[in-house]
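The values are calculated or read from the model by the stated rules, or taken from the named source; none is laboratory data. Not measured: the values here are computed from a predicted model. Cβ placement follows ideal geometry from the backbone for every residue including glycine, while neighbour counts extend to all protein chains displayed.
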Amino acid sequence: MSEIVERKLEEIIDFRLSKTNGSTLTKSFIELHKGDIPVYGASLCENEVSYGFIADNLEGIKYFDDCLTWNIDGSTAIFYRRGHFSLSEKVIPLLPFEEIASDIDLYYLRYAILFSPGFHSFDFSRKAGKGKLKKLKIVIPLKGDGSYDLEEQQRLAGIYSEIENQRQKLLGRIYEVQQLLIRIDKEEGVTYADKPLNDIVTHHNGNASYTKAWCQKHKGTYPIYSANTVDPIAHIENYDYDGEFLTYSKNGCAGYITIINGRFSINGDRCVMSINEEYTDKLDLLYLKYYLEPIFRKNKKGRVGAFGRNEFTKLNSTMIKNLNIMVPIPLKGDGSYDLDKQREIAERYKQIYEIKRGLIDKIKRLTTISVIPATSK
């Protein structure tokens, strides 16, 4: 029976060979030197040839064959790419040391990296550069003589391949659940007044000068929010808003609405909607959130992330105004706006949202279960 041991990736991969093309390998350059050789960028899709096809044997261009590739910037991903290809400056090859290459199964090595706890710590804020990658720990089977057990790697790779297929299906379910648009329909027996959103709210764009560098120089106690739907990116010495407001993300995962209460500011990736005077104290913000958010999300533009990760979408105030959204507002018998009915409807949708959130959390926990065998004592 093989012994399972832990190794740093730098003990297996010869990072001296992990050199890719420079910034001169642009899409424009490839367009001028078209050919049959795929050029892969930092994509989450293994077969996406995002840079195009280039001619072979061009001077100064690096080409690769049958090897692992790693995205050092952008979308964190590792693939075993077969055939002859080239890479953008954001993707590096991972080649085992020559003396052990014949004892390493690259399919197994890819899964060992994917299932490494350290792999899941990489994201857009913690770039997966070579320095961090060298220290990434994986487990690998050894023979009795201390050499790498190729046959056991191949056996495990087959098992992990099926596990990864099932994991990707689960991640796909997360995206499907996230995309479920829970819409507030008119309730039978209730009278509604359809009012234009453009009359109800005023959009206030965030201050683009509130960069991380600016925030560092103006630290304080007041939160500043960006595209993130929950946590502030910093705390600064001043504030632009005081009260309870609907806000929505303009970039990243665009269109999600968050209600923020207190003294705060926003940067250029977020927008505030203030209720106009005619509707002040007549509308429930939670009711508006649950009615508007599915419409905003449906009309976002851009690339939706694979398996619910790394979405890059946009939605700005001009796009929203052009939708000419009509908001159904419940009325009392005397024709005034019914706040209690709005709150009742909003509470029902809040409960549905919490069920949806709980389902997503359960699926995420299933996808992070470790399947790599424990190391030998």
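When S43, S18 are checked against the criterion of being under 25 Å from the mean Cα position of the chain (by Cα), of a type in the set (S, T, N, Q) and surrounded by 13 or more Cβ atoms within 10 Å (Cβ to Cβ), a single residue qualifies: S43.
Among the residues of region 227-255, which ones are part of a strand (DSSP E or B) and over 14 Å from E293 (Cα atoms)? Let's see the steps before the verdict.
From region 227-255, those part of a strand (DSSP E or B) are 234-236, 241-249, 251-252; that's our starting set.
Listed by number, the residues that qualify are A234, H235, I236, Y241, D242, G243, E244, F245, N251, G252.
Do we have S265 as out of contact with any Gly (no Cβ under 8 Å at 6 or more places or on another chain), more than 25 Å from D73 (Cβ to Cβ) and assigned to a strand (DSSP E or B) here? No. Of all residues in region 304-317, those that are modelled with pLDDT under 65 have Cβ atoms under 6 Å from Cβ atoms of residues that are polar (S, T, N, Q) and part of a helix (DSSP H, G or I), 6 or more apart or on another chain, in G308/Q178. Filtered by the rule that a residue be touching a strand residue (DSSP E or B) at 6+ places or on another chain (Cβ under 8 Å) and either free of Cβ contacts under 8 Å to residues at least 40 places away in the same chain or in a loop (DSSP other than H, G, I, E, B) (or both), region 84-100 gives S88, K90, L95, F97, I100.
Across region 254-276, the qualifying residues are those that are surrounded by fewer than 19 Cβ atoms within 10 Å (Cβ to Cβ) and touching a residue at least 60 places away in the same chain (Cβ under 8 Å), and the one among them that is farthest from I200 (Cα to Cα) is G268.
Residue-by-condition table, conditions (1) in a strand (DSSP E or B); (2) among the aliphatic types (A, V, I, L, M); (3) within 23 Å of A112 (Cα to Cα):
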| residue | (1), (2), (3) |
| --- | --- |
| E6 | yes, no, yes |
| E10 | no, no, yes |
| I61 | no, yes, no |
| W70 | yes, no, yes |
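For the structure I just gave you, tell me whether K289 is surrounded by fewer than 16 Cβ atoms within 10 Å (Cβ to Cβ) and either touching a Ser or Thr at 6+ places or on another chain (Cβ under 9 Å) or in the same structural domain as D242 (by TED's automatic domain parsing) (or both).
Numbers: surrounded by fewer than 16 Cβ atoms within 10 Å (Cβ to Cβ): no; either touching a Ser or Thr at 6+ places or on another chain (Cβ under 9 Å) or in the same structural domain as D242 (by TED's automatic domain parsing) (or both): yes.
For K289, the condition - surrounded by fewer than 16 Cβ atoms within 10 Å (Cβ to Cβ) and either touching a Ser or Thr at 6+ places or on another chain (Cβ under 9 Å) or in the same structural domain as D242 (by TED's automatic domain parsing) (or both) - is not met.
Only one of the numbered conditions (1) within 21 Å of R348 (Cα to Cα); (2) in a helix (DSSP H, G or I) is violated by E278, and that is (1).
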